[in-house]
Structure formats: C-alpha cells, structure tokens
Amino acid sequence: MHCRIYLDVDLVLDALVTIDTEQSKYLRQVMRLQAGDMITVFNGGGGEYKAKLTFLAKDSGQCQLCGFVDVNRELPCRVHIIQAANRSEKIETVLQKATEMGATSFQVVNSERATFSLPANKREKRLLRWQKIVSEAAEQSERTAMPSVLWVEKLSAVSQRGTCFVLHPRDALLWQEIRDGILGLEDITLAIGPEGGWTNQELQLLQKQGFQTLMFGERIMRTETAAPALLAAIQAVV
C-alpha cells in the first residue's frame, strides 16, 4: 500500500526533511517501511512530493524530496463549515467525514443548545486532537490542502465567507432552488445547528449576518450527517 503523510514544514525539492516521532512510528510500525522506501508527503500548500526514506528509527526519521507533483484535488469552491458544538464523538465525525468530502475550514461554535463545552484550560489540547483528526483524514483522502479548525465561544463571533446558508428544516429555501446558483461561487459558508437545533434567537442572529435558511430534503438529518451530505451535494454540482 502506498503511504502518504502530512508534514507541517516547508518543502523544497531535493531537501532532506525530518519526520517527527509520531509519523516515524506510523511508517515503521504500522506501514512496515524502512530506509530506501518511497512515500508521498504534502504540507497543505498545494501539490505533493515523492520522497525517499533515508533514515527511519522508532522515534525519528528523515526523507529526501525527489520530485514534485503539481496536482490539485480540492473543490473549485471553498466550503467553510460552522458546526454547533455537540457531543465530542459527533464533532470528531464531522471533522473526519467533512475533511474527506473537501471542507476548507471548520469553526466549532458554542450555542444555546450545545451539549459540549470547552473550557479555556482544555482548549489547546482539544484543538490539537481535532487538528490531528483533520490531518489524518486529509492524508487518507489525498487532499492537497489542509483544513483549519477553530473553537468559537459565541455565535456572534463566527467568521463567514462568500454565500452563506444556515441549515433549517422549516420555512427555508430548498436545495433544488439554490443548486444551480452554486456553480461559479468561490466560497460558501454552511452553518449546522446542534442536536436540538438552532433557537429562534440564533436563527435571527445568523440571518442578520447574511445567512439564508436552507432546507436539504424532506427528512431531518442528524447534526453529524448534515455537513458531509451537503458537501457531497455541492461536489456533484461544481
């Protein structure tokens, strides 16, 4: 099986690049690779590199970048996900699956009906875990860009780009009505509510910020299903 890893460093053709402890353990113990084997590396800056392992131990490694492949596997439209906080495992599912489907960025936001909170003293550790989930999903799905993950404490503080939609099951635009207009957009922001849904006050706040309510079919999806489903639909259009 071909091996592909993410390295958060500058990559330059012919350079020798250090591989950190965790990635070295993965290459050696999981993939059973050794010095001389070829791998693919990327740093999210576009394209990827073919690399030869020059050294590999249980806690460190090194590779030489042998060739650059100018490939782009990203969606032509950047999709930004605002995900209301839910139980931890649901957030992780969204991050993993939406990364595989091409999301550009994530904002996990606190909300009135949130079932998950993130105190300041635990935020850094949790964000590192979330970014690791995204990184592994990007490696597996052969992304050439690396999505970012942020925690936002208040809904009023979320950032938005391009055309913005908030998913809502009633009194909303139908996907069929806006589908053709997706083609050619550079950025889309999707706001997905918590398990109990957005409150009326939250919907009004988002609408004041320029979000249009969007209904994606007759059935109500679970919160962890919505973002991947919408990304799949967008991918089919663009």
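Look at F116 and say whether it is assigned to a loop (DSSP other than H, G, I, E, B), among the hydrophobic types (A, V, I, L, M, F, W, C) and in contact with a helix residue (DSSP H, G or I) (Cβ under 8 Å, 6 or more places away or on another chain).
On the way: assigned to a loop (DSSP other than H, G, I, E, B): yes; among the hydrophobic types (A, V, I, L, M, F, W, C): yes; in contact with a helix residue (DSSP H, G or I) (Cβ under 8 Å, 6 or more places away or on another chain): yes.
Taking the combined requirement at face value, the residue satisfies it.
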Quiz item: Any idea how many residues of the range 1-27 are buried (at least 19 other Cβ atoms within 10 Å of the Cβ) and more than 21 Å from T144 (Cβ to Cβ)?
Solution: 1
Self-check item: Complete set of residues in the range 40-83 that are under 17 Å from T104 (Cα atoms) and part of a strand (DSSP E or B)
Solution: F42, G45, R78, V79, H80, I81, I82, Q83
Quiz item: Limited to the range 28-39, what total is found for residues that are assigned to a strand (DSSP E or B) and either crowded, with 17+ Cβ neighbours inside 10 Å or in contact with a helix residue (DSSP H, G or I) (Cβ under 9 Å, 6 or more places away or on another chain) (or both)?
Solution: 1
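Being part of a loop (DSSP other than H, G, I, E, B) and among the hydrophobic types (A, V, I, L, M, F, W, C) is the filter here, so list the residues in the range 200-233 that pass it. Don't jump to the end; show me each part of the working.
To start, the set of residues in the range 200-233 that are part of a loop (DSSP other than H, G, I, E, B) comprises 209-211, 216-222.
Correct list: F211, F216, I220, M221.
For the range 209-225, indicate whether the set of residues that are at positive phi and surrounded by fewer than 16 Cβ atoms within 10 Å (Cβ to Cβ) is non-empty. Even if it seems obvious, please write down each step before you answer.
Our first condition is that a residue be at positive phi; within the range 209-225, this holds for 210, 217.
Now restrict to residues that are surrounded by fewer than 16 Cβ atoms within 10 Å (Cβ to Cβ): 210, 217.
Yes, some residue in the range 209-225 is at positive phi and surrounded by fewer than 16 Cβ atoms within 10 Å (Cβ to Cβ).
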Exercise. Provide a single number: the residues in the range 1-31 that are of a type outside the set (F, W, Y), under 23 Å from the mean Cα position of the chain (by Cα) and over 17 Å from Q64 (Cβ atoms).
Key: 3
Exercise. Six or more apart or on different chains, Cβ under 8 Å: which pairs go from a residue in the range 209-237 that's farther than 17 Å from P76 by Cα to one that's acidic (D, E)? Could you list them?
Key: T213/D171; R222/E195; T223/E195
Quiz prompt | Conditions (1) aliphatic (A, V, I, L, M); (2) out of contact with any strand residue (DSSP E or B) (no Cβ under 7 Å at 6 or more places or on another chain); (3) in a helix (DSSP H, G or I): number failed by I91 | solution = (2)
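Read-outs: derived from the displayed coordinates by stated rules, not from any lab. Owing to the predicted nature of the structure, the values given are computational and were not obtained by experimental measurement. Neighbour counts run over all protein chains shown; Cβ positions are idealised from the backbone, glycine included.
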